[in-house]
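Asks: Dropping a structure here in structure tokens format, bear with me for questions.
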Amino acid sequence: MSTPTAPDRSKTADGLKRLSTATLSHLPAAVGRPAYDRASVTPGIVHLGIGAFCRAHLGAFTDEVLATGAKDWGIVGVDLLAPDMRAALKPQDCLYTLMSRIDGVDRLRIIGSFLDVVTTLDGADEVLALMCRPETRIVTITVTEKGYCQDAATGRLDETHAGIRADLANPRAPKTVPGLITEALRLRRAAGIAPFTVLSCDNLAQNGRTARRIVTRFAELVDADLGRFVESEVSFPCTMVDRITPATKDADKAAVVAGLGLVDAWPVVTEPFRQWVIEDRFPLGRPAWEAAGAILTDDVHPFETMKLRCLNGAHSTLAYLSVLLGIETVAGAMADPDIPRILRRLWDEDIVATVPPVPGTDITAYTHDLEHRFVNPEIRHLTLQISSDGSQKLGPRLLEPAGEIFAHGGRPQLIPLAVAAWMRFLLGADGSGRTWTVADPMAARLTGLAQANATTPAALVDALFAVREIFPAELAGNDAFRADVVGFVGRLTEDGVRKTLAGL
Ligand code: CS2
């Protein structure tokens, strides 16, 4: 009779071992791995919002700095939405695979810069304690546009936001990002610990200034003196972040298992390209991210304007047109007979001229590089994913450049088409039985308005132009812009999307 043995929990149902510190030595030689002793690295950064993007970007840049011998800049990731990331990463010692794919070449690399993952789901105490450690010198953020709880048109804190109201009523147990940062700064101040630097890594225009405005206002509402302290003592550098990193799919996980011979519960698939431009204002120091290729500068603004308008503006335009046409991925859209031509016109006729000079960069060449990046078929970037949160994205990506074009005496040619496509997208159906989900913090209001006013193009446009959180009064009151958006809504509705695009 054999003696029962305890199951080997390091193995999965397929008999494959799990990625972890203990199994790093089992990896094929071609797989990159932390070139440093992780056990001797201590955390210096708390990262709020641990998703695919920050793991492909901040995680990778910081991993390379740790490999140069820096020991005190490990990262603790905070999952603000669900315990899923912690559940996936803790059993593998917070290691994960970054797989970059292009032109049939997959490069796999194990990232070691995240030392721990915690969640705020059971309360904020653990995260606040981490944020208050004197060793925590930077709090980085990737929570997407909506995580800032701002009025998208003005960039001010949305004081009617349900989460903000709850945090203001109970500021010692915060759940929102402004609430968490304010409470941590208050606790540090009370303990005589200098404030950390707050580093926004989200796609917002002037993301550092936005973060400063939001947190300062929240702090002021908690206590006027704390508001003054945040305004005068806390550094919020601006950044431009870039790396196309879709949500991980099951097929990606399978490709990673095949490449590792080990199981990674939540790898990240990304493109090889990456860019990070950072305003160099870190009173308590920072990792030498320039050692990994980041650009440290006094002025991020031109880089950020170029990226938000050229890359993200084109992404949003492509996404709304694609969802209407039933095209699932960005690469699929780039194989469409019409969409690449529309994007080229968007760049050439509208966007490029609104971008200020960017050091060392030819903006038109940058847009040609974007085409190449968008074409990459190995990155399955879903157009529906990019279509989300349009209420937060339209402003910095498309409406601000439209306003500037008018201010300089011009008239945007393709931006009205993108806005019209977003309005049709809000209907959630193409009229022939195909439907999709509109994901947006303002979804209920926007889809309600769209459906109630779908009677005529003018009614639809007027109802949505009246949403002041999205359309600034000046642009909404611009007759030429209104006429062009109404015209495109009419064509998309009457002629259909394909005929409208083909006729352009
Ligand atoms: C995309 C971005 O989802 C979106 O809205 O436009 O996530 C884009 O892929 C990144 O900003 C690329 O750096």
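The values are calculated or read from the model by the stated rules, or taken from the named source; none is laboratory data. The model shown is predicted, which means the values in this text are computed figures rather than measured ones. Positions of Cβ are backbone-derived with ideal geometry, glycine not excepted, and every protein chain shown enters the neighbour counts. Surface accessibility is based on the protein's heavy atoms, side chains included, excluding ligands, DNA and RNA. Shrake-Rupley method; radii C 1.70, N 1.55, O 1.52, S 1.80 Å.
Asks: Using square roots of five times the C-alpha gyration tensor eigenvalues, list the equivalent-ellipsoid semi-axes of region 21-297 in whole Å, biggest first.
Replies: Working: eigenvalues 208, 69, 64 Å².
Listed largest to smallest, the semi-axes of region 21-297 are 32, 19, 18 Å.
Asks: I've got another one for you. Compute the convex hull volume of the Cα atoms of region 326-443, divide it by the residue count, and report the result per residue in Å³ as a whole number.
Replies: On the way: hull volume 14.8 nm³, N = 118.
Taking the convex hull of the Cα positions in region 326-443, it is 125 Å³ per residue.
Asks: Between their Cα atoms, which of K17/K307; K71/K249; K249/K307 are more than 31 Å away from each other? Mind dumping the intermediate values first?
Replies: Details: K17/K307 41 Å; K71/K249 33 Å; K249/K307 26 Å.
Pairs exceeding the cut-off: K17/K307; K71/K249.
Asks: Please report the base-10 log of the normalised intensity I(q)/I(0) for region 301-502, using a Debye sum with one equal scatterer per alpha carbon and no solvent, at each q in 0.13, 0.19 (1/Å).
Replies: -0.65, -1.47
Asks: Can you check what the net charge comes to around G490, using other residues whose Cβ is under 11 Å from the Cβ of G490 (Lys, Arg +1; Asp, Glu -1)?
Replies: Numbers: positive: R424, R491; negative: D484, E494, D495.
Here the charged neighbours net out to -1.
Asks: Follow-up question, since we're still on this one. Relative to the Cα centre, what is the charge dipole magnitude of region 59-195, using +1 at the beta carbon of each Lys and Arg, -1 at the beta carbon of each Asp and Glu, and rounding to the nearest 20 debye?
Replies: Numbers: 16 positive and 19 negative charges, 66 e Å.
It works out to roughly 320 debye.
Asks: Oh, and also: Run the paramagnetic zone check for E231: 7 angstrom along Cα to Cβ, then residues of region 144-163 with backbone nitrogen under 12 Å.
Replies: none
Asks: How large, in percent, is the carbon and sulfur part of the accessible surface of the chain at a probe radius of 1.4 Å? Before the final figure, lay out each step's value.
Replies: Numbers: 10620 of 19870 Å².
Summing carbon and sulfur atoms, their accessible area is 53 percent of the total for the chain.
Asks: Right, here's the next one. If you average the C-alpha positions of region 443-504 and of region 227-275 separately, how far apart do those two centres end up, in angstrom?
Replies: 34 Å
Asks: Can you pull the one-decimal nm distance between simple spin-label points at A407 and R344, each 7 Å off the Cα toward Cβ?
Replies: A separation of 3.1 nm, rounded to one decimal place.
Asks: Considering only DSSP states other than H, G, I, E and B, which trypsin sites (Lys or Arg not before Pro) in region 193-299 qualify as loop sites with at most 12 other Cβ atoms within 10 Å?
Replies: Numbers: sites: R209, R212, R213, R217, R228, R243, K249, K253, R274, R281; in loops: R243, K249, R274, R281.
Counting only loop positions with at most 12 other Cβ atoms within 10 Å, the trypsin sites (Lys or Arg not before Pro) in region 193-299 are K249.
Asks: Assigning unit charges at the beta carbon (Lys, Arg +1; Asp, Glu -1) and nothing else, what dipole magnitude in debye, to the nearest 20, does region 21-297 show about its Cα centre? Walk me through the intermediate numbers first.
Replies: Values: 30 positive and 34 negative charges, 35 e Å.
It works out to roughly 160 debye.
Asks: Further question on the same structure: For every other residue with a beta carbon closer than 13 angstrom to the beta carbon of H301, add +1 if it is Lys or Arg and -1 if Asp or Glu, then tell me the sum.
Replies: Working: positive: R209, K307, R309; negative: E279, D298, D299, E304, E400.
It works out to a net charge of -2.
Asks: OK, next. So what is the relative contact order for the chain, in percent, with contacts set as C-alpha pairs under 8 Å and at least six apart? Please list the in-between numbers first.
Replies: Details: 895 pairs, mean separation 69.2, N = 504.
14 percent.
Asks: Under the Kirkwood approximation for Rh and a Cα-based Rg, what ratio Rg/Rh is obtained for region 291-338? It would help to have the intermediate numbers written out before the result.
Replies: Details: Rg = 15.2 Å, Rh = 12.8 Å.
Result for region 291-338 is an Rg/Rh of 1.19.
Asks: Aspartates and glutamates near K499 by alpha-carbon distance under 20 Å, same-chain residues fewer than 8 away left out - which ones?
Replies: Leaving aside aspartates and glutamates fewer than 8 places away in the same chain, those within reach of K499 are E328, D336, D338, D430, D484.
Asks: Restricting to Cα atoms and excluding each atom paired with itself, what does the Kirkwood estimate give for the chain in Å?
Replies: Details: mean 1/r = 0.0417 Å⁻¹.
Roughly 24.0 Å, rounded to one decimal.
Asks: Which one, T383, W276, G261, projects farthest toward the positive side of the charge dipole computed for the chain from Cβ point charges (K/R +1, D/E -1)?
Replies: So the residue furthest toward the plus end is G261.
Asks: Of the peptides 189-201, 40-52, how do they stack up when ordered by the mean number of other Cβ atoms within 10 Å, highest first? It would help to have the intermediate numbers written out before the result.
Replies: Numbers: 189-201: 18.5, 40-52: 21.3.
Output ranking for 189-201, 40-52: 40-52, 189-201.
Asks: A further question follows. Leaving out ligands and nucleic acids, note down the accessible area per residue over region 140-293 with a 1.4 angstrom probe, in whole Å².
Replies: Numbers: 5700 Å² over 154 residues.
Ligands and nucleic acids excluded, the result is 37 Å² per residue.
Asks: Kindly give the semi-axes, whole Å and largest first, of the ellipsoid equivalent to region 186-341, taking each as the square root of 5 times a Cα gyration tensor eigenvalue. Working shown, then result.
Replies: Details: eigenvalues 265, 92, 54 Å².
Over the Cα atoms of region 186-341, the ellipsoid semi-axes are 36, 21, 16 Å.
Asks: Magnitude of the Cβ-charge dipole of region 301-502, K/R +1 and D/E -1, about the Cα centre, nearest 20 debye?
Replies: Details: 18 positive and 23 negative charges, 60 e Å.
It comes to approximately 280 debye.
Asks: Have a look at F53, T68, N170 and report the one farthest towards the positive end of the charge dipole of region 22-174, computed about the Cα centre with Cβ charges (Lys/Arg +1, Asp/Glu -1).
Replies: The listed residue farthest towards the positive side: T68.
Asks: On to the next question. Note the full-extension length gain between R107 and T361 as 0.36 nm times their separation in residues minus their Cα-Cα distance, in nm to one decimal.
Replies: Details: separation 254, 0.36 × 254 = 91.44 nm, distance 2.73 nm.
Additional length available on full extension: 88.7 nm.
Asks: Turning to a different aspect of this structure: I want the local charge near V461. Using Cβ-Cβ distances under 14 Å, sum +1 for each Lys or Arg and -1 for each Asp or Glu among the other residues.
Replies: On the way: positive: R424, R482, R491; negative: D462, D479, D484.
Around V461, the charge tally is 0.
Asks: Per residue, how large is the accessible surface of region 301-502? Use a 1.4 angstrom probe and give square angstrom. Working shown, then result.
Replies: Numbers: 7530 Å² over 202 residues.
About 37 Å² of surface per residue is accessible.
Asks: While we're looking at this one, here's another question. Answer with one residue from A452, H408, L501: the one whose Cα lies farthest towards the positive end of the charge dipole of region 301-502, charges on Cβ with Lys, Arg +1 and Asp, Glu -1.
Replies: Farthest along the dipole direction, towards plus: A452.
Asks: Once R0 is set to 22 Å, what does the formula 1/(1 + (r/R0)^6) return for the Cβ-Cβ distance between L121 and R165, expressed as a FRET efficiency to the nearest 0.05? Kindly include the intermediate steps, with their values, before the conclusion.
Replies: Details: r = 20 Å, r/R0 = 0.91.
So the FRET efficiency works out to roughly 0.65.
Asks: State, as an integer percentage, the relative contact order of region 21-297 based on alpha-carbon contacts under 8 Å between residues 6 or more apart. Please report the intermediate quantities before stating the final value.
Replies: Details: 554 pairs, mean separation 60.9, N = 277.
Computed over region 21-297, the figure is 22 percent.
Asks: Kindly provide the trypsin sites (Lys or Arg not before Pro) of region 6-87 that DSSP labels as loop, not H, G, I, E or B, and whose Cβ sees at most 12 other Cβ atoms within 10 Å. It would help to have the intermediate numbers written out before the result.
Replies: Working: sites: R9, K11, K17, R18, R38, R55, K71, R86; in loops: R9, K71.
Counting only loop positions with at most 12 other Cβ atoms within 10 Å, the trypsin sites (Lys or Arg not before Pro) in region 6-87 are R9, K71.
Asks: When the helices in the chain are scored as -39500 (n - 2.57) per DSSP H run of 4 or longer and the sum is shared across all residues, what 222 nm value do you end up with, to the nearest 500 deg cm²/dmol? Working shown, then result.
Replies: Working: 23 runs with 204 residues, N = 504.
Helix contribution divided over all residues of the chain: -11500 deg cm²/dmol.
Asks: Please compute the length gained on full extension between W436 and D479, using 0.36 nm multiplied by the number of residues separating them and subtracting their Cα-Cα distance.
Replies: 12.3 nm
Asks: Separate question: May I have the extent of the alpha carbons of region 368-415 along their three principal axes, as whole Å values ordered from largest to smallest?
Replies: Per principal axis, max minus min of the Cα coordinates gives 42, 26, 14 Å.
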